[in-house]
Structures are given as structure tokens and as C-alpha cells.
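Laboratory data are not the source of any read-out in this text; all were calculated from the coordinates shown. Just so it is clear, the model here is predicted, and its values are computed rather than measured. Note that each Cβ is placed from the backbone with ideal geometry, even for glycine, and that neighbours are counted across all protein chains shown.
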Amino acid sequence: MSKVDHLGEALAAWTDARGLVIDEAENIPADRYSFRPTPEVRSVAELFIHILEVSEMMVGELCRPDGDFRRTSFEELIHELKEAYKDFTGNVKLFDFFQEMQYAYSAADLVVTRAGATTISELILFRLPAVIIPYPYAYQHQSANARILEKSHSAVIIQDSLLGAGILKDALQRLVNDRVRLTNMRLGYESLFRPQAADRLLEYALALN
């Protein structure tokens, strides 16, 4: 199977982003580094630390013993998945790609996912019960994201290292057969909503000037 080496491309993008982050850090007055919009979110200094942690995550990927920074084409990946499910007798449908994810989310009763920030935001928006498997090489930031939903009783967390032990299968069987719990997981999202969030965010952003 052909693969394209994207290491040089990734390093160039990282170098460019690094310069932009440093420029931005130097533009912020030192006395504003402790600023945080609300007590629940990161301060400016903590955001920069988070960016460093994500950079470390990429280094971790490169240093993994089984690391392979070549990327299989999307078409080949879909072909592999379809071949893997070819003889599966369950009710499974694979899609090449979903441009309009809102339709998939609207039809879903339960989601199995990683815990990137965008995904977590979408789960909150659609109030979807979830089984979350944090990406293990993300230096804990995906675990932190997942715990937000776990704390609201809207998600179950399973560690990646336990996937081969049948724990995911058991969790899915319990949840799909427990409609009451799925309903309560949706209701758990109520604690995460913040009225006028956009207005408050704009107010805090303008206060930085």
C-alpha cells in the first residue's frame, strides 16, 4: 500500500506556528498573563503552556517505537475498513466521509469517540451520550477534556490500553440497552450550558485591550 511521507510538511507547519505563537506571546503585556475570563478556564499563561504540551504530543508521536509519520490516503483507509467489515453480519454502514456531521449527530443515540476539543464541543451542542477513549499520546489534554463530560455524567471514559479486554463491547451493550441512563446522560449536559456565553466571551476579549 502506498503511503506519502508528510514529516517535512508537518515540521514546516510546526516551525511556522511556533514563530506565530512566540510573536503573540511577546505582544501580550506581562501583567496580562494571569488573566482568565472565568475561574473555570485557563489563564493566558496556562494557554501558552497548553500549546507547549500539544507540541510535546507531536514529539511523542515521532518518538513512539511503532511511530509511522507516513499517512495512508483516505481512499485506501476507507477501502481497508470496508474489507474488514465485509463479512460482518451486524447492522453496520460505513460512510466514505460525512461533510454535514449535524445529520449524523442528530440521528445518533450514542457516540464512541476520542476527546478533541471540537468533538467535545459538538457533543455538548447536541447533548449526546458518549463513550470516550482519550487519545493516549495527547499528553493528558484529551483525558482532561473527557473528564468534563464524565463529571456531568454525560460520558463514560475507557482508556485506550483497555480496548482489547472487551470493555468497550461491554460498555456499549449496557448503554444501548438502558434507555433511562441514555436519557439521564443527555440531561447531564444541562450543567455545562452558560447563558449568553458569546456575549460574555466578547466582553472578556475586549477587556484585553
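Some points to look at:
- The chain - Debye-derived log10 I(q)/I(0), Cα point model, q = 0.19 Å⁻¹: -1.53
- Residues of type aspartates and glutamates that Lys151 reaches as a straight line, Cα spacing below 13 Å, ignoring anything fewer than 8 places off in the same chain: Glu190
- Among Met101, Met185, Met57, residue whose mean-square fluctuation peaks in a GNM of the chain (springs only between Cα atoms under 10 Å): Met101
- Here the contact order of the chain, divided by its residue count and restricted to Cα pairs under 8 Å and six or more residues apart, works out to 17 percent.
- Among beta bridges that DSSP assigns inside the chain, antiparallel share in %, nearest 5: 35 percent
- Range in the chain, longest, excluding exposed trypsin sites (Lys or Arg not before Pro) [loop by DSSP; at most 12 other beta-carbon atoms within 10 Å]: 94-209
- Distance from the C-alpha centroid of the stretch 70-94 to that of the stretch 143-162: 27 Å, rounded to the whole angstrom.
- Taking every DSSP helix (H) stretch of at least 4 residues in the chain, weighting each as -39,500 (n - 2.57) and dividing the sum by the residue count yields a mean residue ellipticity at 222 nm of -16000 deg cm²/dmol.
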